[in-house]
């Protein structure tokens, strides 16, 4: 954290926040356990519990840290893998035969609540703060940035809800099952043009959009990979392509003959009206029944049904040797570190290929392997290329969770968008940033989340933390949202430490950065906190928290 400096940037009027006794008690227990109250170094188990929760949840809470320590990390991961989905609230179906848009006289919020992802975005942050299924939520969020659809194009709110619920429900299933759920999703079919993809004729060509993206982005990538993530190269050192245009055309024809499911009581026909409820359905008369050459020369024979061609095509994709490496590395990047070593990638690939019981594509085993790998656990890594920038959505949720945050999701969603990540509305199928995004001054250092980091979004992060900490009564409720409660955090549990700035900073260091602040960094923060009168304990807590949350040590998960 070179160039780390502290400036006193706020006034220090004493303000009382509503106390949360349960949170404060949990925090006190954590601090006693960690030794922070006594000024001693926290045990490794506390630090690694915090690290695990930064990777596998939307940040630690005192209660979750104690839970990990009590259960042990493998048992905690296993329990999370068995936890049912929190899910999203039901969203009303929009009849495509009715007038599109909001009728005259409708509430001012009609469009927002029915034709944008807004209701899902705020539910996402409510779940991130308080959902019991933290690991499922994190993995589903990662999947939403791999198997991308966007609310920019899928405007009906219920359609986006169905897709994101599908990712939540299938976060831990076998990859082959997940791939089929994604492929048959009507929202994906609409987004990437597989729905109503007709067989070729004199005037029609099979649409290649989904065929191309399922290969390039959802499964194997553009180049053949070794199990450690390195490219397979030819004699000239050039990366060998995974497929060519002819293969894309073969898959496009294999995916013909699917349309939306008919609404109940409506006779199903080719090109059913838009309906995001239920999987797409096949129409044999509109399916290309000719032979198709796919990956590695595999051929689908003539005369197969749309169901058989689709199933065989997905089998071929799911069993391609690239998949475990391509998907596994992206999940490592989403949960642990942007630049995993080749050995880390190879170990995860091996688990994808065989979970130890002969099962290929077991995502539970893959996620467990990612989180319990030696490169994710053990001593805090000091290698400068280790770690990753917190996604804006993760940053917003983790700051709130660290301090007993409660929220209706409105403010957190808006702030995530200001930081460059409006959840579920990526600008393209390549999501908010590509997994191979490199830092501008480096040709090799991968830093995907920095794809949305610039001067504006960097300042937005600081403004978010400042507003959350210094709002007198928290962030006000939004009157346009039924049941809105606003957003609040709890700082009372730390005020007992404010008389001793070093102890306060030690406590925040444990809770927020898994005791990774250097002595120099701590000293700078202690100096800034000590400049505030001891008669303003809340002011001291706010200053210390602001400086830790704004620091590179916190913004970069390591």
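The values are calculated or read from the model by the stated rules, or taken from the named source; none is laboratory data. Quick caveat, the model's predicted, so the values are computed rather than measured. We place every Cβ from the backbone using ideal geometry, glycine too, and count neighbours over all the protein chains shown.
Structural remarks
- Region 517-530, subset touching a residue at least 60 places away in the same chain (Cβ under 8 Å) and under 20 Å from residue 496 (Cβ atoms), residue surrounded by the most Cβ atoms within 10 Å (Cβ to Cβ): 525
- Test: residue in region 102-120 that is within 30 Å of residue 308 (Cβ to Cβ), free of Cβ contacts under 8 Å to residues at least 60 places away in the same chain and crowded, with 19+ Cβ neighbours inside 10 Å: no
- Residue within region 411-421 that is surrounded by 19 or more Cβ atoms within 10 Å (Cβ to Cβ), more than 30 Å from residue 220 (Cβ to Cβ) and touching a strand residue (DSSP E or B) at 6+ places or on another chain (Cβ under 8 Å) present: yes
- Failed condition for residue 277, given (1) in contact (Cβ under 8 Å) with a residue 12 or more places away in the chain; (2) over 26 Å from residue 222 (Cβ atoms); (3) crowded, with 17+ Cβ neighbours inside 10 Å: (3)
- Of all residues in region 189-214, those that are at positive phi have Cβ atoms under 7 Å from Cβ atoms of residues that are surrounded by fewer than 21 Cβ atoms within 10 Å (Cβ to Cβ) and part of a loop (DSSP other than H, G, I, E, B), 6 or more apart or on another chain, in 193/207; 196/271.
- Here 485, 444 are screened, and the one residue that is in contact with a strand residue (DSSP E or B) (Cβ under 9 Å, 6 or more places away or on another chain), modelled with pLDDT under 95 and outside any helix (DSSP H, G or I) is 444.
- Residues of region 124-174 classified as touching a residue at least 40 places away in the same chain (Cβ under 8 Å) and outside any helix (DSSP H, G or I), total: 18
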